[in-house]
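*Asks:* Okay, here's the structure, questions in a sec.
The values are calculated or read from the model by the stated rules, or taken from the named source; none is laboratory data. No experiment lies behind these values; they were computed from the predicted model shown. Positions of Cβ are backbone-derived with ideal geometry, glycine not excepted, and every protein chain shown enters the neighbour counts. Each accessible area value is taken on the protein alone, full model and side chains, heavy atoms only, with ligands, DNA and RNA left out. Shrake-Rupley method; radii C 1.70, N 1.55, O 1.52, S 1.80 Å.
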Amino acid sequence: MKNNIKLATILAIFITFISCDDKIDVEVPEASPRLVIEASLDWEKGTLGNDQTIKLSTSTSFFENTLNTSVIGAMVKVTNNDTNAVFNFVDQNDGTYTVNNFVPVLNGSYTLEVVYDGEVYLATENLTPITGINEVFQSLEGGFDEELLDVNITYNDPAPLGNFYMIRMQEVGDLFPIIETRSDEFTNGNVQEEFFEKEDDDEDPTEQFNPGDEVNIKLYGISERYYNFITLLIEQYDSAGNPFATTPAEIRGNCINTTNAANYAFGYFRVTEFDQVDYIFQ
Amino acid sequence: MKNKIIWICLLMSTFLVAQEKFSVSGTIKDQKNGETLFGATVYLKGTTNGAITNEYGFFSLTAKKGTYTLVVSFLGYENITKEITLDVDQTINFEIKEASTSLETVVIEAEESERLNIRKPQMSVSKLNAATIKQMPVVLGEVDIIKSIQLLPGVTSGGEGTAGFNVRGGAADQNLVLLDEAIIYNTSHFFGFFSVFNADAIKDIKLYKGDIPAKFGGRVSSVLDVRQKDGNSKNFEVNGGVGLISSRLALEGPMFNKKGSFLVAGRTSYAHLFMPLIEEIKDDKISFYDLNLKTNYEINENNRIYLSGYFGRDVFDLSQFIQNRYGNTSANLRWNHIFSEKLFSNLSLIYSKYNYELVLDFIKLDWVSDIQNFNIKYDLRYYTSDKLKLDFGVSGISYNFNPGEIKPSDPTSTINARQLDKKRAFEGGVYVSAEHELTDKLSAQYGLRLSTFNRLGGQILSDYANDLPVVYNSEIGIYEEGEEIGTTDYGRSESIKTFANLEPRLGLSYQLNDDSSVKASFTRTVQYLHLLSNTSSVTPLDVWAPSGKYIQPQKSNQYAAGYYRNFKDKTYSLEVEAYYKNVDNRIDYIDGSDLIGTNNIETEILNGEARAYGLEILFRKSKGKFTGWFAYTLSKSEQRALGGNVGGPGINNGDWYNTPFDRTHDISVTGNYELNEKWKFGVNFIYQTGRPVTYPDGQYQYEGLSIASFDARNANRLPAYHRLDFSATFTPTKNKNRRWQSEWVFGVYNAYARRNAASVSFVQDFDTGENEARRISVFGSFIPSITYNFKF
C-alpha cells in the first residue's frame, strides 16, 4: 500500500517537475568577431597592487571550441586622471599585457586606452574600495539544502546607500568559478552574508562540498555601472533561454571605440579593491 | 462627426417605433435543472423577427399586432412552438428540454440559431459551453477552459506550464478575464498547468477576439466572459470527479422554496496529502484548490438577486527554501430588474483581488504584493423595437495596488523592511450601444464608450532631470536610469494624472443569402493597467501597474472583416476572418531591465507600440455522430520601441521585432466521435510555429567563462510545437434508469511523445568547458490519465 501511495505522489510531483532536459543541435547566427577587453585592475587589500594584467582576445562563433583568440600587437596603457601618471602595459605575445609598477589609489580615476587594428578604445573607471571579509565559516543550515555543506562569508556594508559587490568563489580543481553580485539596496548598512553551496548529485557525491575540499573566495568592491554589467552578464550566463528569464540582450561594457563606434568592444575596464580568503572544509 | 451619426441613427430609430407594435418578453430555462439559458433563440415563424436570450436568459421581441407562431430553439434542445396573439405586451416564460436521443447531442454549440448567426453584426466571438469543454482531451484529465479556447483560431499560449493565453498576437495582460463579471488577474494554477476555472461550476464562456461590445472596456486584446452556473433550482444534485491530480465536488439544489438555488463547488489537488509520507519531501507542500459559490433568489417575476464568489489558492512550499502562495478572490452581488417587457437591467457590485506571497528562506526575505478592486456597474438593455436594441450603462472601478512589501522573514535576516509605493486609481466608463437592423440584409452594431482613468494621489513620485526617467547613454549605446532630481508628494485628494478616451465600436453585417454573410468591424479599446513582465511568459509574481505620469494608457484599433457560411442544412459551417490591429503605448523594457522590487518602474521602460495582423479560418461540423472543427491561423505580431524624446535608436535598434506570442502558423483540429451510448472518443491535434527567441550569435571569454553575445531580439525561433491527444469516455450501461450516473474518462496527452521545447538554453558544460544547446521539454513523453466522474 505504501508503495502505491508513493507512486501516486511521485507521479504528482513528477507532473510539476516533469520537465526533461537534453542536448540538441541548433543552428545559431554568427556575428563577425569583436575585440574583447578584459581589463580588470584588482588591488588586493594589504598588497601593493603593482602587478596588473590586461587580457585582449576576440569573440568567436558560439559553438567554436578551439579558442585561439589571443590578440597580439595592441598598444595598452592606463592613465591616472588625477596624477596623470601613465602605466604602459607590455605585450606578452600571448594575449596578456602586463605592468609591474601600477599605483592604485582608492577612489582614484583611471582611463584605459587600447589601440588595436588602427582603432582606439577608451574607458574610464574609479577604483572602488571595500571594507573586507569579516569571517569565513562552513555550515549545514542556511543554504538551499540543510544536508549539504556550504561556505559563508560575512562583510560590513558602510552606512551610505549605493555599495556594490562581486563575490567570486572557485573550488580548487574546478574549471569555472561561481560569481555572484550584491547591491545593498535591500540590506543597506547591515552585516552582509553570502553563502555558496553546490548541488548534490547522487551519481557523483564529490560534486558537492565535502570535508577536505578547498575553496577560494574573493570579494570585490565594484562600481554601480560595473554591477549592472556583471549582474546581467552572469544572469544571462546562468539562464539564457529560460522562459522565466528576461530576453537576453547584447551586454555593452564601458570600452568605447572612438574611431568607429559601431565596432565596440566586449568586456570591461574595472578598477577594484578586493579581499580574498582560502578555506578548507572540515 | 462619428458621434453625430450615432445620434442621428438613434433618433431615426425612435421614430420607427411609432406604429402599433407589441412586445413579448420572458425567460428561458432548462426544464431539467432550471438553469437560465444564454443564447437561446426566440423568433416569430415566417418573419425575420427574432431575439436571443441574454446572460440571464431574458428575451424580448417586438412585432406588429397580429397572430404568430413563436418558436424557441437552442442547439441541443428540443424546439418549442407556441401560438401567440400580439395585441398586448406580455410575458411568457419557457422551459425547454434537452434533446432526448443522445446521438443527436450537439457538441459544439453555435452562437444561436444559425439563421441569426449569419445575420447578427457581432463577429470575432466564440462561445463554448461546459459540456463541450469537458469532452476535449486534456492533460492529466484536468478539464481546462483556458486550454480549450486555445483550440480556436487566433488563440495561442506559450506552451505547457505557461500561464495565460494570447489572442490575435496580444499579450496575456491584454485579456479581460471575467468570472461572473469579476476581474480575474491570474488565470492559472501550478504556473500554468491548470486553469482556475472549475468546469463543474461553469455554465458557459464567451471569448471576444475583436469587435468587443461597448459594454466591455479596460483591455485591448480580448474579453473572456466566464459565467458560473446558477445551481439546479429543481432538484438537489451532486457532481464530482476523481482524477490523478485533483478531485472535485459540486453540490447544487433549490433554495427558498424553489424560488432560488445554490451551487457550491470545490476542487483540490491532493498530492500534498501524501507528501508527508515520503522522507525526502515530507516537509514540502505543493497544492492548489478553489471554491466556487453561487446562489440566487427570485424575489418576483421582475426581480432576481444573485450572489457569486470565488476563492482559489496555489501553495508551493519547498521546506527551507521557498514558500509561495497566491490566488484570486472575487465576489459579485447582482440585482436583475425588469422594468418592463422592453427594459431589462442589472446592477452589480463586484470585488476582486489577487495576492501573491513569497518567502525565500535562504535569503530570509518575505515578499507580499496584491491588487484589488471594487467595481460598481449598472447595465441596461432597451428593446426599442424589432429593429433596434439599445445597451447602455455605467461602471466605476476603484483599484488599490500594492506592488510589493519586503520584510525580513526572521530576526537574523540581513534584509531591511521596505514598502514599494502603494498606488490608487479609479476607472470610469459610460457606454451606449445599438444593435440595429438597417435593412433586411444589413445590420449594424454601433456603440461608443467613454472611459476615464484617474490616477489618485497618496504617494510620492520621483522627478527626473529633463523629465526623463530613462536616458540614452550615447557613449556606450545603452539606456539607463535617468537622474532623479527630487520628488513630488501627491496628497490623497489630489490627482496625479487623469485620462479620458472615446472608444467607438462598429460592426456591420450584410447577408448575402440565407446561408452566408459578410461582416466587418472596427474596435477601439483603451487599457489603463499594465502587467509588468519582461520575460517570455508571465509569472504569478508579475505586478500590475496603473497608467499615470510616466506610463501612458495602451490604445488599440482593430479592423476586422469576415465571411460566414453554413453548408448542408447547417451541418457544416465556415468562418474566415482577417484582422489588423495596432496598439499604441505598449510599454517595452530596456535591455537588462530589472522589474522585481523596483519602485520606480518608469526608469526601466520605453514607450513602444505593437501591431498584429492575421487570417483565421474555422471550419466546423456541429451535427451528427462526429463533430469537431479545424482551425488555421496565419498571423504576425510585432512590437518596437523608438527612442523618441529619450534619444537613441530605441530598443532593438528601434526595429520591429517579433513579440513572444508571434506564431506564423497555428493549426488546431479537435474532434469528438460518439460510437454508441457507452463510448465517446475525442482527439486534438495542434501545430504551432515555434516561439520567437533570441539565440546567441557568438561567444567570448570573460572572467574565465564563455559569455554568449546576442544581437536582435526574438529573431530566432524554437522548433515547431505539435502534439496529439486522445480521450475516451466510457459510460456504463447500468447508468440507465438509476439516479447514480457515472463515467470514466481515459486520456493520453502528447500521444506520440514529442519533446516540444519549452525553451532552449545555451550553456557551458562545466566539465568540458564546451558550449552546448539544451532543450527543456515540459513533457518528455506521453502523459496518460484517468478520471472518474459521477453525478446523483
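*Asks:* Scan region B:392-407 residue by residue and report those that are open to solvent by less than 20 Å² (accessible area, probe 1.4 Å) and aromatic (Phe, Trp, Tyr).
*Replies:* Matches in region B:392-407: B:TYR399, B:PHE401.
*Asks:* Let me ask something else. If a residue has to be within 13 Å of chain A (Cβ to nearest Cβ) and either crowded, with 21+ Cβ neighbours inside 10 Å or free of Cβ contacts under 8 Å to residues at least 24 places away in the same chain (or both) to count, how many in region B:658-700 make the cut?
*Replies:* At the first step, the residues of region B:658-700 found to be within 13 Å of chain A (Cβ to nearest Cβ) are B:658-661, B:690-700.
This time we only want the ones that are either crowded, with 21+ Cβ neighbours inside 10 Å or free of Cβ contacts under 8 Å to residues at least 24 places away in the same chain (or both), so: B:658-661, B:691-700.
Qualifying residue count, region B:658-700: 14.
*Asks:* So, one more: Return yes when B:THR439 is modelled with pLDDT under 90, within 14 Å of chain A (Cβ to nearest Cβ) and not in a strand (DSSP E or B) and no when it is not. It would help to see each step written out before you state the result.
*Replies:* On the way: modelled with pLDDT under 90: yes; within 14 Å of chain A (Cβ to nearest Cβ): no; not in a strand (DSSP E or B): yes.
For B:THR439, the condition - modelled with pLDDT under 90, within 14 Å of chain A (Cβ to nearest Cβ) and not in a strand (DSSP E or B) - is not met.
*Asks:* Go through region B:485-512 and give me each residue that's over 29 Å from the mean Cα position of the chain (by Cα), of a type in the set (A, V, I, L, M) and over 21 Å from B:ASN600 (Cα atoms).
*Replies:* B:LEU512
*Asks:* Would you check which residues across region B:408-420 are open to solvent by 40 Å² or more (accessible area, probe 1.4 Å) and either within 29 Å of the chain's Cα centre (by Cα) or within 23 Å of B:ILE460 (Cα to Cα) (or both) and list them? Give the steps one after another, and end with the answer.
*Replies:* Of all residues in region B:408-420, those open to solvent by 40 Å² or more (accessible area, probe 1.4 Å) come to B:408-412, B:416-419.
Of everything in region B:408-420, those that are open to solvent by 40 Å² or more (accessible area, probe 1.4 Å) and either within 29 Å of the chain's Cα centre (by Cα) or within 23 Å of B:ILE460 (Cα to Cα) (or both) turn out to be B:ASN416, B:ALA417, B:ARG418, B:GLN419.
*Asks:* Among the candidates B:PHE256, B:PHE216, single out the residue that is under 19 Å from B:LEU293 (Cβ atoms), more than 14 Å from chain A (Cβ to nearest Cβ), open to solvent by 10 Å² or more (accessible area, probe 1.4 Å) and over 11 Å from the mean Cα position of the chain (by Cα).
*Replies:* Values: B:PHE216 fails: under 19 Å from B:LEU293 (Cβ atoms).
Criteria check complete, one pass: B:PHE256.
*Asks:* Looking at B:ASP765 and the list (1) more than 14 Å from every other protein chain (Cβ to nearest Cβ); (2) open to solvent by 30 Å² or more (accessible area, probe 1.4 Å); (3) not polar (S, T, N, Q), which single condition is not satisfied?
*Replies:* With (1) more than 14 Å from every other protein chain (Cβ to nearest Cβ); (2) open to solvent by 30 Å² or more (accessible area, probe 1.4 Å); (3) not polar (S, T, N, Q) applied to B:ASP765, the lone miss is (1).
*Asks:* Residues that are within 25 Å of B:PHE746 (Cβ to Cβ), touching a Ser or Thr at 6+ places or on another chain (Cβ under 8 Å), crowded, with 20+ Cβ neighbours inside 10 Å and within 14 Å of chain A (Cβ to nearest Cβ): does region B:236-244 have at least one?
*Replies:* yes
*Asks:* Which numbered condition trips up B:TYR378, out of (1) open to solvent by 10 Å² or more (accessible area, probe 1.4 Å); (2) in contact with a helix residue (DSSP H, G or I) (Cβ under 7 Å, 6 or more places away or on another chain)?
*Replies:* Only one criterion is unmet by B:TYR378, namely (2).
*Asks:* Residues of region A:27-60 being open to solvent by 30 Å² or more (accessible area, probe 1.4 Å) and within 7 Å of chain B (Cβ to nearest Cβ), which ones?
*Replies:* If the condition is that a residue be open to solvent by 30 Å² or more (accessible area, probe 1.4 Å) and within 7 Å of chain B (Cβ to nearest Cβ), then A:VAL28, A:PRO29, A:GLU30, A:ALA31 are the ones that fit.
*Asks:* Which residue is farthest from B:THR268 (Cα to Cα), if the candidates are limited to region B:162-183 and must be open to solvent by 10 Å² or more (accessible area, probe 1.4 Å) and assigned to a loop (DSSP other than H, G, I, E, B)?
*Replies:* B:GLY169
*Asks:* A:GLU193 passes all but one of (1) within 22 Å of B:LEU595 (Cα to Cα); (2) in contact (Cβ under 8 Å) with a residue 24 or more places away in the chain; (3) in the same structural domain as A:TYR155 (by TED's automatic domain parsing); which number fails?
*Replies:* Against the list (1) within 22 Å of B:LEU595 (Cα to Cα); (2) in contact (Cβ under 8 Å) with a residue 24 or more places away in the chain; (3) in the same structural domain as A:TYR155 (by TED's automatic domain parsing), A:GLU193 comes up short only on (1).
*Asks:* Which of the residues spanning region B:443-476 are within 14 Å of chain A (Cβ to nearest Cβ), touching a strand residue (DSSP E or B) at 6+ places or on another chain (Cβ under 9 Å) and assigned to a loop (DSSP other than H, G, I, E, B)?
*Replies:* Taking region B:443-476 and keeping what is within 14 Å of chain A (Cβ to nearest Cβ), we get B:470-476.
Next cut, touching a strand residue (DSSP E or B) at 6+ places or on another chain (Cβ under 9 Å) only: B:470-473, B:475-476.
Passing the criteria: B:GLU475, B:ILE476.
*Asks:* State all residues of region B:523-540 that are open to solvent by less than 20 Å² (accessible area, probe 1.4 Å) and more than 15 Å from B:GLY164 (Cα to Cα); if no residue qualifies, say none.
*Replies:* Residues satisfying the conditions are B:THR523, B:THR525, B:VAL526, B:GLN527, B:TYR528, B:LEU529.
*Asks:* Related question: Kindly indicate whether B:ILE149 is more than 25 Å from B:THR664 (Cα to Cα), open to solvent by less than 10 Å² (accessible area, probe 1.4 Å) and touching a Leu at 6+ places or on another chain (Cβ under 7 Å). Steps first, please.
*Replies:* Details: more than 25 Å from B:THR664 (Cα to Cα): no; open to solvent by less than 10 Å² (accessible area, probe 1.4 Å): yes; touching a Leu at 6+ places or on another chain (Cβ under 7 Å): yes.
Here the answer is no, as B:ILE149 does not meet what is asked.
Results for (1) more than 10 Å from chain A (Cβ to nearest Cβ); (2) surrounded by 18 or more Cβ atoms within 10 Å (Cβ to Cβ), shown as yes or no for each residue.
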position	(1), (2)
B:PHE746	yes, no
B:ASN756	yes, yes
B:GLY769	no, no
B:ILE783	no, yes
B:THR787	yes, yes
B:PHE792	yes, no
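*Asks:* Let me ask something else about it. Looking only at residues in region A:260-280 that are open to solvent by 40 Å² or more (accessible area, probe 1.4 Å) and within 14 Å of chain B (Cβ to nearest Cβ), which one is nearest to B:LEU705 (Cα to Cα)? Even if it seems obvious, please write down each step before you answer.
*Replies:* The initial filter retains those residues of region A:260-280 that are open to solvent by 40 Å² or more (accessible area, probe 1.4 Å), namely A:260-263, A:276, A:278, A:280.
Right, trim to within 14 Å of chain B (Cβ to nearest Cβ) and you get A:260-263.
Working: A:ASN260: 27, A:ALA261: 26, A:ALA262: 25, A:ASN263: 22 Å.
Residue satisfying both the conditions and the ranking: A:ASN263.
*Asks:* Report every pair of residues separated by at least 6 positions or lying on different chains whose Cβ atoms are under 6 Å apart, first residue within region B:631-643 and within 15 Å of B:PHE619 (Cβ to Cβ), second open to solvent by less than 10 Å² (accessible area, probe 1.4 Å) and of a type in the set (Ser, Thr, Tyr).
*Replies:* Pairs that qualify, where the first residue is within 15 Å of B:PHE619 (Cβ to Cβ) and the partner is open to solvent by less than 10 Å² (accessible area, probe 1.4 Å) and of a type in the set (Ser, Thr, Tyr), are B:ALA631/B:SER668.
*Asks:* Return only the number of the condition from (1) in a loop (DSSP other than H, G, I, E, B); (2) under 21 Å from the mean Cα position of the chain (by Cα); (3) within 8 Å of chain B (Cβ to nearest Cβ) that A:ASN188 does not satisfy.
*Replies:* Failing condition for A:ASN188: (2).
*Asks:* Could you tell me whether region B:670-682 includes any residue that is charged (D, E, K, R) and at pLDDT 90 or above? Working first, answer last.
*Replies:* Of all residues in region B:670-682, those charged (D, E, K, R) come to B:674, B:677-678, B:680.
Adding the requirement that they be at pLDDT 90 or above leaves none.
No; the residues of region B:670-682 include none that is charged (D, E, K, R) and at pLDDT 90 or above.
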